[in-house]
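A.B. asks: One structure follows; several queries about it will come next.
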Amino acid sequence: MNIILLGPPGAGKGTQAHRLVAQHGMRQLSTGDMLRAAVKAQTPVGMEAKAIMDRGELVSDEIVSALIDAELAAMPDATGAIFDGYPRTRAQAEQLDELLAKHGRKLDRVIELQVDEDALVDRITGRFTCAKCGEGYHDRHKQPATEGVCDKCGSTEFKRRPDDNEETVRHRMQVYRSETAPILPYYEEQGLVSRVDGMGSITDVTESIDALIAD
Ligand code: AMP
């Protein structure tokens, strides 16, 4: 099974991808995570991407598609892929088709998480994650049970993304509307798109996605 999770920043793509990984043994392929790792490691790609990411603009199609190509090459054939934050442009959607064919895969579904944009700004500007296991938290909606200690792994280190401030978030949403949402018709023509209400609880959204995957 190979699926794309599509939706604006803060729609819950990463959260849901984590759950699919845990429940179905799939692999999350998040170009945002890969780019952040490259920035941290100060690789040439990371150095080129950092300023672009800080502004909330898109990194070049060639860079992100090369990252996906390398990940697919390293994955066992039987492991399903969840594309999270990729593709983000029409060119990337076409490149993904080529990459899937090259690696003997096909796209099964595109799941669009539908969300209210004002609520997203609230979600994104309060979010933080465990620096060790990646569990997600929120200043206003989901604090750890013991302050400063990760519920899942006990780590006391947390991190926030530098691009999760209101100004950049609003710009990222505008980029989503102008560059990414227009790829939906491309997948609609192929009958691949399903829509899920992304404003429900995390568990409700997971259940809706599970129902689509089992279908
Ligand atoms: P994300 O974690 O998916 O919100 O991505 C964070 C940032 O990384 C984005 O605002 C872009 O600057 C960059 N990025 C991530 N994925 C892509 C992609 N598929 N195409 C272009 N830029 C990307």
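The values are calculated or read from the model by the stated rules, or taken from the named source; none is laboratory data. This is a predicted model, so every value here is computed, not measured. Cβ: placed from backbone, ideal geometry, glycine included. Neighbour counts: every protein chain shown. Please note that ligands, DNA and RNA were not included when accessible areas were found on the heavy atoms of the full protein model with its side chains. Shrake-Rupley method; radii C 1.70, N 1.55, O 1.52, S 1.80 Å.
A.B. asks: Hey, what's region 26-101 come to in accessible area per residue, 1.4 Å probe, Å²?
C.D. replies: Details: 3570 Å² over 76 residues.
I get 47 Å² per residue for region 26-101.
A.B. asks: Any idea what Rg and Dmax come out to for region 38-119 if you just take the C-alpha atoms, in Å?
C.D. replies: My reading of the Cα-based Rg and Dmax gives 14.5, 40 Å.
A.B. asks: Using unit Cβ charges (K, R positive; D, E negative) and no other charged atoms, how large, in debye to the nearest 20, is the dipole of the chain about its Cα centre?
C.D. replies: Working: 26 positive and 36 negative charges, 110 e Å.
Rounded to the nearest 20 debye, it is 520 debye.
A.B. asks: Report the Rg/Rh value for region 126-215, based on alpha-carbon coordinates and the Kirkwood definition of Rh.
C.D. replies: Value, to two decimals: 1.06.
A.B. asks: Mind checking the alpha-carbon convex hull of the chain and giving the volume per residue in Å³?
C.D. replies: Hull volume over Cα atoms, normalised by residue count, gives 122 Å³.
A.B. asks: How do 36-46, 122-132 rank on mean C-beta neighbours within 10 Å, highest first? Please list the in-between numbers first.
C.D. replies: Numbers: 36-46: 14.6, 122-132: 18.2.
The most tightly packed comes first, giving 122-132, 36-46.
A.B. asks: Which order do you get for M1, M75 if you rank them by accessible area with a 1.4 Å probe, largest at the top? Before the final figure, lay out each step's value.
C.D. replies: On the way: M1 85, M75 10 Å².
Output order, biggest surface exposure first: M1, M75.
A.B. asks: Can you compute 3J(HN,Hα) from phi for each residue in region 7-22, using the Karplus curve 6.51 cos²θ - 1.76 cosθ + 1.60 with θ = phi - 60°, rounded to whole Hz and x for Gly and Pro?
C.D. replies: Once θ is set to phi - 60°, the couplings for region 7-22 become x, x, x, x, 6, x, 4, x, 4, 5, 4, 4, 5, 5, 4, 5 Hz.
A.B. asks: Looking only at region 78-112, which residues have a backbone nitrogen under 12 Å from a spot 7 Å from the Cα of E189 in the C-beta direction?
C.D. replies: Counting backbone N atoms under 12 Å from the label point, the list is 94.
A.B. asks: Take the alpha carbon atoms of region 148-168, find their center, do the same for region 1-72, and report the distance between the two centers in whole angstrom.
C.D. replies: 17
A.B. asks: Pairs K50/K152; K106/K152; K50/K132; K40/K152: which exceed 27 Å Cα-Cα?
C.D. replies: Pairs exceeding 27 Å: K50/K152; K106/K152.
A.B. asks: I'd like the carbon and sulfur percentage of the solvent accessible area for the chain, probe radius 1.4 Å, heavy atoms only, ligands and nucleic acids excluded.
C.D. replies: Here it works out to 50 percent.
A.B. asks: Same structure, new question: With r as the distance between the Cβ atoms of E98 and R140 and R0 = 35 Å, compute the FRET efficiency 1/(1 + (r/R0)^6) and round to 0.05.
C.D. replies: Values: r = 42 Å, r/R0 = 1.21.
My answer for the efficiency is 0.25.
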